[in-house]
Amino acid sequence: MHRIPNPDYIHHKDSKIVSMIREIVFGAEDGMVSTLGALTGIAVGSNNHFVVILAGLVIIAVESISMGVGSYISNLSESQVNKRKLHEEKEEIKDFPSEEKEELKNIYLKDGWPEKLATEMAEVASQDKDLMLLEMAYHELYIAPQKEAHPLQRGLTMFLAYIVGGLIPLFAYFILPISTATIVSIIITLFALFILGASTTRYTKGSWIKTGLRVLVLGGVALLVGYLVGRLMNGLI
């Protein structure tokens, strides 16, 4: 009887989301944690509704741009470095084919392939420069030269993820009195952090409870720091 594969085990499932998982999780988590910690401290320290909302909007606006630009620049730099490495490796394959073939063979041997098979594999790869470059990229440079998301796309994803994350702790202050909004903001944001952490296990296959709690606890640390600073400043002013 033919068995239909479980969709959860299909390698390319949601490949676009998986390739952007770092930007999505990093942006949303940082948006929630940073904004929650700052808003809680400002709310406790100032007890001024307008100041809290203004500060929240400024934080989200500035930090989302900063995170997006940072992601774009870092990914662009990494992409350019990898391109340079691949270009240099391509030149080495062209200028020193025998040495590169021997190097690839030794890499296969180090990986545990039998000597005869390693020799044959290196010989076959050396007959095709594109295949040779691909093998050296994977095994020597540790670069996967397949097409990935453009650095600009990653930057925009980080930017939008931070905005979404930052609006979660800020939302309650738009509709509730400041004292109530502070409590609701904390509860909603901690819950959202848990959900964010737990949802990543759809792709990592880890424990959703442990992962969710890990993200929640880290967010709680920022909350505690913001609260303590706000109480301290409230007592001093």
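Which pairs turn up if I take residues in the range 134-159 that are under 30 Å from VAL62 (Cα atoms) and look for partners that are part of a helix (DSSP H, G or I) and modelled with pLDDT under 80 with beta carbon separation below 8 Å, at least 6 apart in sequence or on another chain?
Going by the 8 Å Cβ cut-off, the qualifying pairs are GLU148/SER19; ALA149/LYS16; ALA149/SER19.
Being closer than 30 Å to GLU23 by Cβ, buried (at least 16 other Cβ atoms within 10 Å of the Cβ) and assigned by TED's automatic domain parsing to the domain that holds MET132 is the requirement here; does LEU86 meet it?
On the way: closer than 30 Å to GLU23 by Cβ: yes; buried (at least 16 other Cβ atoms within 10 Å of the Cβ): yes; assigned by TED's automatic domain parsing to the domain that holds MET132: yes.
Yes.
For ILE188, state whether it is outside any loop (DSSP other than H, G, I, E, B), in contact with a Ser or Thr (Cβ under 6 Å, 6 or more places away or on another chain) and at pLDDT 90 or above.
So ILE188 does not fit the description; no.
Look at VAL44 and say whether it is among the aliphatic types (A, V, I, L, M) and farther than 12 Å from PRO169 by Cβ.
yes
For the list (1) closer than 30 Å to LEU223 by Cα; (2) within 27 Å of the chain's Cα centre (by Cα), I need the number of the one condition that PRO151 fails.
Every listed condition holds for PRO151 apart from (1).
If only one of SER66, SER98, SER71, SER46 is loosely packed, with under 12 Cβ neighbours inside 10 Å and either in contact with a helix residue (DSSP H, G or I) (Cβ under 8 Å, 6 or more places away or on another chain) or free of Cβ contacts under 8 Å to residues at least 60 places away in the same chain (or both), which one is it? Quick ask: steps written out before the conclusion?
Details: SER66 fails: loosely packed, with under 12 Cβ neighbours inside 10 Å; SER71 fails: loosely packed, with under 12 Cβ neighbours inside 10 Å; SER46 fails: loosely packed, with under 12 Cβ neighbours inside 10 Å.
The conditions single out SER98.
Got at least one residue in the range 112-125 being touching a residue at least 12 places away in the same chain (Cβ under 8 Å) and closer than 27 Å to SER74 by Cα?
Filtering the range 112-125 down to residues touching a residue at least 12 places away in the same chain (Cβ under 8 Å) leaves 118-119, 121-123, 125.
Subset that is closer than 27 Å to SER74 by Cα: none.
The answer is no; no qualifying residue exists.
Of ILE65, ILE42, ILE93, ILE73, which residue is over 30 Å from PRO177 (Cβ atoms), over 27 Å from the mean Cα position of the chain (by Cα) and either at pLDDT below 90 or in a helix (DSSP H, G or I) (or both)?
Values: ILE65 fails: over 27 Å from the mean Cα position of the chain (by Cα); ILE42 fails: over 30 Å from PRO177 (Cβ atoms); ILE73 fails: over 27 Å from the mean Cα position of the chain (by Cα).
On inspection, the qualifying residue turns out to be ILE93.
Take the range 184-196 and flag every residue that is among the hydrophobic types (A, V, I, L, M, F, W, C), over 19 Å from the mean Cα position of the chain (by Cα) and surrounded by 13 or more Cβ atoms within 10 Å (Cβ to Cβ).
Matches in the range 184-196: VAL184, ILE186, ILE188, LEU190, PHE191.
The values are calculated or read from the model by the stated rules, or taken from the named source; none is laboratory data. Please read these numbers as outputs of a predicted model, since none were measured by experiment. Positions of Cβ are generated from backbone atoms using ideal geometry, with glycine treated the same way; all protein chains shown enter the neighbour counts.
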